[in-house]
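For reference, the structure is listed below as structure tokens.
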Amino acid sequence: MARSGAGGAGATAFVILGLETSCDETAAALITRDGKILANVVSSQAELHARYGGVVPEVASRRHLELVTPVIREALGEAEAELDDVELVAVTTGPGLIGALLVGVAAAKAIAWARRLPLVPVDHLHGHVASLYLEPDPLEPPFLCLLASGGHTLLLDVQDRGTRPRMLGTTIDDAAGEAFDKGARLLGLGYPGGAEIDRLARSGDPRAHDFPVARVPGLDFSFSGVKTALLYAVRDLGEQELEERRADLAASYQRAIVRALVERTQQAAEQTGLTTIAVVGGVAANSELRATLSGAALAPLALCTDNAAMIASAARYVQPEAYPGYLGLDAYASTA
Ligand code: KG4
Ligand code: ZN
């Protein structure tokens, strides 16, 4: 078997191919069994969806179909590997957009089946947590994990890498990333909004507006109120006025969301006695959140938003499905 290439992985490296197509990123990665990233290719469809102000599921599926093969080829090239080097195939099976997921699942099945390889179905949220287990600085459980993305806001008690973590809190309405995206739309910024607000907030005054974030019982989150507060703040502004205040509004809005995330996370740490705090998911890329929780284990920037290296990483802790039983494997939109 061709072994020479695998990007300096060494002659005996066990290579895992990961695929991720749950939303609007088409991603393929190659990692070794011990968590070294050989290639991590992410092709974002953000520009394609920007004109609609959000992801259009049918458009996403079609684009995944066009991109999945070139993205896998690029990952193999980056790793200087061949498909023959791959010993395990991992793919996100949910939660996410069902049509988008099915593209990755079909591609993974085809590659695994053609080579009689085992296949690992990976839960997308497990993938985000597993972004912390990669080299060069892998994190060892137990830890408290804040998972904040476009679809989820969760506080998880992670006791080990393989078993499903205990959920301590979740959002009762919008996810944190969704709040960023909707806020960005209200401010007339592009999609996806989180990075745009982050960038603009740097030149604004976070004390300019006092946006309240609802306190809900327990360790849950709520972000729909702060979004409405922003709506009220911008709706009576003329174009010129909005232009002048946009950075202050972005900074204040970001401050409110970050505060809510940090307060709840610290509260959860106190309640559980977990001393290590970790932050993962797209919102973990936020510079204010990273600065505020600078003592926490923060997912590396490149691994915060959706990618396939985290999916391949998670696969190391899941029982693979043997050839050819996985041909009947399905995708799921949400974890019921
Ligand atoms: O994890 P992810 O790529 O996809 C999901 O699983 O949802 O997260 C995407 C979310 C989007 O809502 C995006 O606006 C947000 O992460 N995001 C950010 C930043 N970068 C991405 N939010 C705040 N600040 C950022 N720098
Ligand atoms: Zn995600």
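The values are calculated or read from the model by the stated rules, or taken from the named source; none is laboratory data. All values derive from a computational prediction rather than experimental measurement. So basically every Cβ, Gly included, is an ideal-geometry build from the backbone, and we count neighbours across all protein chains shown. Remember, those area values only see protein heavy atoms, side chains included, never the ligands or the DNA or RNA. Shrake-Rupley method; radii C 1.70, N 1.55, O 1.52, S 1.80 Å.
Worth a mention:
- Residues in the stretch 284-298 include at least one that is of a type in the set (Gly, Ala, Ser), closer than 19 Å to Leu189 by Cβ and touching a residue at least 40 places away in the same chain (Cβ under 8 Å).
- Only one of Gly193, Gly127, Gly150 that is of a type in the set (Gly, Ala, Ser), without any contact (Cβ under 8 Å) to a residue 40 or more places away in the chain, within 16 Å of ligand 1 (Cβ to nearest atom) and touching a helix residue (DSSP H, G or I) at 6+ places or on another chain (Cβ under 7 Å): Gly193
- Residues of the stretch 281-336 that turn out to be modelled with pLDDT under 95 and touching a strand residue (DSSP E or B) at 6+ places or on another chain (Cβ under 8 Å), as a count: 2
- The C-beta contact set for the stretch 216-233 (first residue closer than 12 Å to Tyr253 by Cα and outside any helix (DSSP H, G or I), second residue modelled with pLDDT of 95 or more and basic (Lys, Arg), distance under 9 angstrom, 6+ apart or interchain) comprises Phe223/Lys182.
- Scanning the stretch 215-267 for residues that are aliphatic (A, V, I, L, M) and under 21 Å from Ala285 (Cα atoms) yields a total of 11.
- Hits in the stretch 259-271 - residues which are more than 16 Å from ligand 1 (Cβ to nearest atom) and open to solvent by 50 Å² or more (accessible area, probe 1.4 Å): Glu263, Gln266, Gln267, Glu270, Gln271
- Count - residues of the stretch 286-299 that are within 11 Å of ligand 1 (Cβ to nearest atom) and either surrounded by fewer than 24 Cβ atoms within 10 Å (Cβ to Cβ) or not in a helix (DSSP H, G or I) (or both): 5
- Which numbered condition Leu156 misses (of (1) open to solvent by 20 Å² or more (accessible area, probe 1.4 Å); (2) in contact with a Cys (Cβ under 8 Å, 6 or more places away or on another chain); (3) within 29 Å of Tyr253 (Cα to Cα)): (1)
- Residue check for Thr170: surrounded by fewer than 24 Cβ atoms within 10 Å (Cβ to Cβ), hydroxyl-bearing (Ser, Thr, Tyr) and more than 16 Å from ligand 1 (Cβ to nearest atom): no
- Subset of the stretch 25-53 (residues that are surrounded by fewer than 22 Cβ atoms within 10 Å (Cβ to Cβ), among the small types (Gly, Ala, Ser) and touching a helix residue (DSSP H, G or I) at 6+ places or on another chain (Cβ under 7 Å)): Gly35, Ser43, Gly53
- Scope the stretch 190-209; condition at pLDDT 95 or above and part of a loop (DSSP other than H, G, I, E, B); matching residues: Arg202, Ser203, Gly204, Asp205, Pro206, Arg207, Ala208, His209
- For Phe143, the conditions (1) open to solvent by less than 50 Å² (accessible area, probe 1.4 Å); (2) within 11 Å of ligand 1 (Cβ to nearest atom) all hold with the exception of (2).
- Residue within the stretch 130-138 that is in contact (Cβ under 8 Å) with a residue 40 or more places away in the chain, crowded, with 16+ Cβ neighbours inside 10 Å and touching a Gly at 6+ places or on another chain (Cβ under 7 Å) present: yes
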